[in-house]
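Below is one structure, written out as structure tokens; the observations come after it.
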Amino acid sequence: EWRPPYFVRGYVNRREANESQELWFSRRRGAVFAHADTYCTAAVSLQLSGRKRWRLMPAPPIASSADLVDYRDGRIYGSGKWKPAFEGTVEEGEAIVFPPGLFHETLVPDDNPPCTASSTFQLQLPAPSGYVRAFLPSLALSHLYSEGHCRQRWHSYATLAAPAAVPPTLDRAACLAAAAAL
């Protein structure tokens, strides 16, 4: 029996999971094209039977509205920006947790029962505040922000105001050091 980790237990997450639960049934070689969900919080996919192969990537960097990527099923493939950063298999009884705006695709391998089942639901806590702060420039130009449903929530986590006395840089080490100082 799957039991959520201690940091997601409690009334708030139980209520959110119950209200947001989706059940997915897939046949062998069934797939879901790469897409980014419209959730403002973390999502959990619990594999109830069989196994599912996952490929995931953060939203590609967006410097302006000209760089926008369509988040709907399969639309990212034609952009040339689909470059999965993570790949793995979720076995029966295991779960994968992913943050808002993460592009993902799934495939049910041939060596599965004729029908597999999984459940997806969302978590309110812990809030993805560090993630939102780290990726806000890209998230602010994404569907999650422009469609308005995440804007209110995320404003309490981060701001788009320029940091004082911190020059812009593409140097990864400098970015990590600045983020750690926050």
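The values are calculated or read from the model by the stated rules, or taken from the named source; none is laboratory data. This is a predicted model, so every value here is computed, not measured. Neighbour counts are summed over all protein chains in view; Cβ atoms, including those assigned to glycine, are modelled from backbone coordinates with ideal geometry. Quick note on the areas: whole protein, heavy atoms, side chains included, nothing else; ligands and nucleic acids left out. Shrake-Rupley method; radii C 1.70, N 1.55, O 1.52, S 1.80 Å.
Assorted remarks:
- The chain shape via C-alpha gyration tensor axes, a/c threshold 1.5: prolate
- The phi torsions of the range 44-52, fed into the Karplus equation with coefficients 6.51, -1.76 and 1.60 and a -60° offset, translate into couplings of 10, 10, 9, 7, 7, 8, x, 9, 9 Hz, rounded to whole numbers, with Gly and Pro shown as x.
- Rough spin-label spacing in nm, given labels placed 7 Å along Cα→Cβ, for S156 and Y11: 1.6 nm
- Mean separation of Cα pairs under 8 Å and 6 or more residues apart, divided by the residue count, gives the chain a relative contact order of 34 percent.
- The order of the peptides 72-80, 51-59, 171-179 by mean Cβ neighbours within 10 Å, most packed first, is 51-59, 72-80, 171-179.
- Considering only Q122, V44, Y145, and ranking their Cα positions along the charge dipole of the chain that arises from unit charges at the beta-carbon of Lys, Arg, Asp and Glu, the one farthest toward the positive end is Y145.
- Left without a cysteine partner by the 4.7 Å Cβ rule in the chain: C115, C175.
- In the chain, the portion of solvent-accessible area held by carbon and sulfur atoms comes to 57 percent [1.4 Å probe, whole percent, DNA, RNA and ligands not counted].
- For the range 1-132, a simple Cβ point-charge model (Lys and Arg +1, Asp and Glu -1, everything else neutral) yields a dipole of about 60 debye relative to the Cα centre.
- In this structure the chain gives 61 Å² per residue of accessible area when probed at 1.4 Å with all protein chains present.
- Accessible surface ranking that places the most exposed of F135, F33 first, with a 1.4 angstrom probe: F33, F135
- Per-residue packing, averaged as other Cβ atoms within 10 Å, sorts the ranges 60-68, 13-21, 101-109 into the order 101-109, 13-21, 60-68, beginning with the highest.
- Sum of -39500 (n - 2.57) over DSSP H runs of 4+, divided by residues of the chain (222 nm, nearest 500): -5500 deg cm²/dmol
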